[in-house]
Structures are given as C-alpha cells and as structure tokens.
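Each remark here refers to the structure printed beneath this line.
The values are calculated or read from the model by the stated rules, or taken from the named source; none is laboratory data. Computed from a predicted model, the values in this text were never measured in an experiment. When we count neighbours, we look across all protein chains shown, and the Cβ atoms used for this are built from the backbone with ideal geometry, even at glycine.
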Ligand code: G3I
C-alpha cells in the first residue's frame, strides 16, 4: 500500500482497520488491553501509555504470528529490525524495493504504532556497490554527498506519514577510542560533518520527525577506564548541539548480550549515564534492549534475576523524565540476533527477550510493566499544568477568536511535556474538548491529540504537529471538521 492518503483520513481508516485486523494466532490476552487503572494490571502497552511512554519491539515481518499476536496488545511502537536500512531498501545504489518496508509502515499506521525509522546512515547493511561507486569517483566526498542526498530525499518523504522518529545516524563512534569512527565510509570520506549534514537535511525533509543519534556501549560509567565511548558520545552530542544541529534525541541501544567486554552496569551507573545525556538537553530512548539469560545462570532463579535486571534498566529510564521510550530488539527468544550473529552466536541460546519461544511472557515482561507503571506519578503534575493553563487562559479571555484555542492546545500540550496520564487526564481531556468546541464547528485540523479515556498517549505534541486530527477523548470524538458527536 502506498502512502498517498492524507494522515487524518488514513488515521480514521487505520483505526477502522485496527478494529478489523485479523489477529491470527492471538495469544490469550495477558490482561485486559484497555484495563482500568492502575497500569500495573494492564498489558505492557497500556502501562506505557499511562506512563506517557512508548514500549516497542523490533520486527522483521508483520505477517508473522508473533508480530500479529503481540504487537497491537503489548507494544505501542515498533522498529524495522532490518527492512529500513539503506542496503535493505536498495541492494544496489539507486535501485529501491520498498515492499518490506512499506508493509511495516502500513502495519504501524493500521495499529497506531509509533514507528522508529532505523536507520538512514550506518556503516553496515549498505548497498553492495556503494563503496565502489564512491571510491571510483574522482571526487569521493562530492559523490558520497550526492548519494546520501538521493537516499535521504527518496526515503524520508516516503515515510513522512508513518515514521515518528528516525535513527538518522547509527553507531558513529569507534568503540575503543570513543572518537568518530573514521573506518566507516562516511567517517573517512566526510569526517564528522556527515552527521551535521544528515541531521540538517532530514529535518528539512520532515520537520515533524524526531531525529535521533543511536549508539551502543559496553560501559556506561563515565568515570570508568572503559567509559571512553560513553564520554565520547556525550561530547559528540554536545558538539552537535553547540553547532545548532537538530539532534532531538539519542538512542542508547542497551544490548546486554554475550560476549561482552565488561560486567553488567549497576542501576546507578546506567541511570547516571541517562541523566548526563538528559542534562545536555536531548530526549533519550532505549532503542535495542535485550538481556542475555546467560548473565544469570549462576543465580538460583535465572529468569527472575533476568527480570530484576530488566526492571533496573527500564526503571532507570522511567526515572529520567527525558527517557520516553523503550524498545526491545525483537519479540521472543526464538528469534534474536544474538543467536545468529558472530561472535554472539557462540553463546546461543541467549534467551534475551520478554517472551519465550512459545510466545509466553517471561518474568521480564512483568518486570518491565511494573517499571513502566511506576512512572505514572511523574506525569500527573504535567497533566495538571495543562488543566491550569486552560482555565487561566479561559479566565483571561485568551481563548477568544478562531486561532486562539488551536494555538492554546498546541502550546499547552507542549508545556505539559508531551504527555498526559493518570487521573488528571480526564480533566485535561475535558479542557481539550472545550478548546476544540471553542474553535466552533467545521474547523479542519483542530489542533489536538489523541487522549483516549483511560489512556494518556506519549508524544502528544508530535501527534498534534503531525496529525492535526480531531480530538478523541473516549466517548467524545471530534472529526477532522471539528464536529463533536
Ligand atoms: O537477508 C539475507 C538473506 O537473504 C540471506 O539468506 C541471509 C543469510 O546470509 O542473510 C540475510 O541477511 C541478514 C540480515 O540480518 C537479515 O536477516 C544478514 O546476513 C545479517 O548480518 C543481518 O544481521 C542484522 C545485523 O543488524 C546486521 O549488522 C541483524 O538481523 C540485526 O538484528 C542487527 O541489528 C543491529 C542494529 O541494526 C544496529 N545495532 C546493532 C544491532 C545488532 O547488530
């Protein structure tokens, strides 16, 4: 399916599709999907929504039973594990085949999932002839710039309706020095400037997308002798921000597989790293989380110990307001890259994910859900801010006129820190409803967001910006023309 329908119409269509989606092989629902609070009794995705966060999984094929059975219930985000990489989209320079990637984008839209575009520039999985074409040119730097431009301008506009966040650059650093990796085609041909140019260009092509720099680490302790990559990453992000490069967020991959260089991080070390990144003003996501069971075989109950560690890592993210999303690198233990990717495959089976090979949730699933549920309180006060902002604007007469309520809605959602959650959402939702009504009927693009009764939805501002669709507060739904029914 091509992306030609405007999002608002497609969103409505998508929602209809969602209801009709044949969830073949759907595992028995763990807990009610749309359960009442508290989030700790909900399916994973509901806990995430109420926490004002995203929980996602890397997928390869949305037609597979595991994807269809778990994604709409347990995740509110997905990443294409391989399908959106340059070499997967174009096995040869300029020869694109979007079939797999379009299917994943369709699936994300049909299931209202936050789609992470992974990844535009990475040293691996490039078109087979890219390096040869660049190096055959009398001016490799100009040639590579031209090919990057062609790639970005082909792919980013195509997925503007489906992708909310792009891993613009993946793994830019040398693991052992913490400096820019100048072994890669991009690093050695263009130097650090390739990052600036790519982020700036993607932002031009899709101003609504959140742009992320994604990296993996073996040591998260900035003071550790092995912490050079973590330190180098913080310095790189700071340099980019200082140059005005639109890096909105960073992806901490959070792979904990074997073999690894150092021991597992403590909660304090991991959270300290996240807080340092938050301190330089970027959003943070755990983008490729997996934790090999092999780390815990000496424990009396290895699955429980694995769950505890998952809880610590996700808990660290949830404790940092800037950390908004957690994505596991796969759905279930029967399909993990760790079991087939040298040299990690030497430790197979690593059993690193939230579901076992029979698609049963492991203790780690519930530990992640509990960590998400613990977050909810953080966002009550933000939703309360939105309520106060409406009431004050109404009292001050600031909501008069055709544009004022729309502007208020967008500003208030931004000030509320992109999230609504918990008990305050009903009052906030009511204010958003009232802002919509103040716009009067037939006002297309009532700036609003999807705040569905019982569930806050993270990333509201990006929805407001990207969707401009009607307000949806449970039983009161506006349509694009602003008519409440
Ligand atoms: O598609 C071909 C298939 O046609 C062929 O028959 C088969 C056997 O050679 O290979 C298939 O390609 C494989 C591809 O995954 C798709 O399954 C590649 O060999 C294999 O190397 C590739 O591995 C991926 C790896 O990135 C590549 O570096 C993993 O699935 C993927 O999980 C992994 O993901 C990366 C992230 O993108 C970035 N962060 C690190 C993470 C782990 O390496």
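Key figures
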| item | result |
| --- | --- |
| Verdict on residue 62 being part of a helix (DSSP H, G or I), surrounded by fewer than 24 Cβ atoms within 10 Å (Cβ to Cβ) and either within 16 Å of the ligand (Cβ to nearest atom) or modelled with pLDDT under 90 (or both) | no |
| Options 268, 223, 304; residue that is without any contact (Cβ under 8 Å) to a residue 12 or more places away in the chain and either closer than 28 Å to residue 52 by Cβ or part of a helix (DSSP H, G or I) (or both) | 268 |
| Which numbered condition residue 247 misses (of (1) part of a loop (DSSP other than H, G, I, E, B); (2) crowded, with 20+ Cβ neighbours inside 10 Å; (3) within 13 Å of the ligand (Cβ to nearest atom)) | (3) |
| Test: residue in the range 295-314 that is within 30 Å of residue 231 (Cβ to Cβ), in contact with a helix residue (DSSP H, G or I) (Cβ under 7 Å, 6 or more places away or on another chain), at pLDDT 95 or above and within 16 Å of the ligand (Cβ to nearest atom) | no |
| All positions within the range 149-180 that are within 16 Å of the ligand (Cβ to nearest atom) and part of a strand (DSSP E or B) | 163, 165, 166, 167, 168, 169, 170, 173 |
| The one condition in (1) in contact with a strand residue (DSSP E or B) (Cβ under 9 Å, 6 or more places away or on another chain); (2) within 16 Å of the ligand (Cβ to nearest atom) that residue 185 fails to fulfil | (1) |
| Residue within the range 27-43 that is at pLDDT 60 or above, outside any loop (DSSP other than H, G, I, E, B) and either surrounded by fewer than 18 Cβ atoms within 10 Å (Cβ to Cβ) or in contact with a strand residue (DSSP E or B) (Cβ under 6 Å, 6 or more places away or on another chain) (or both) present | yes |
| Residue check, residue 367 over 23 Å from the mean Cα position of the chain (by Cα) and in a helix (DSSP H, G or I) | no |
| Residues that are under 27 Å from the mean Cα position of the chain (by Cα) and part of a helix (DSSP H, G or I), drawn from the range 181-198 | 185, 186, 187, 193, 194, 195, 196, 197, 198 |
| Where a residue in the range 279-296 is over 23 Å from residue 118 (Cβ atoms) and its partner, wherever it lies, is within 16 Å of the ligand (Cβ to nearest atom) and not in a loop (DSSP other than H, G, I, E, B), with Cβ under 6 Å and at least six apart | 294/347 |
| Criterion (surrounded by fewer than 19 Cβ atoms within 10 Å (Cβ to Cβ) and within 16 Å of the ligand (Cβ to nearest atom)) met by exactly one of 256, 216 | 216 |
| Residue match in the range 65-78 (condition: at pLDDT below 95, out of contact with any helix residue (DSSP H, G or I) (no Cβ under 6 Å at 6 or more places or on another chain) and in a loop (DSSP other than H, G, I, E, B)) | no |
| Any hit, the range 339-347, residues being part of a strand (DSSP E or B) and more than 11 Å from the ligand (Cβ to nearest atom) | no |
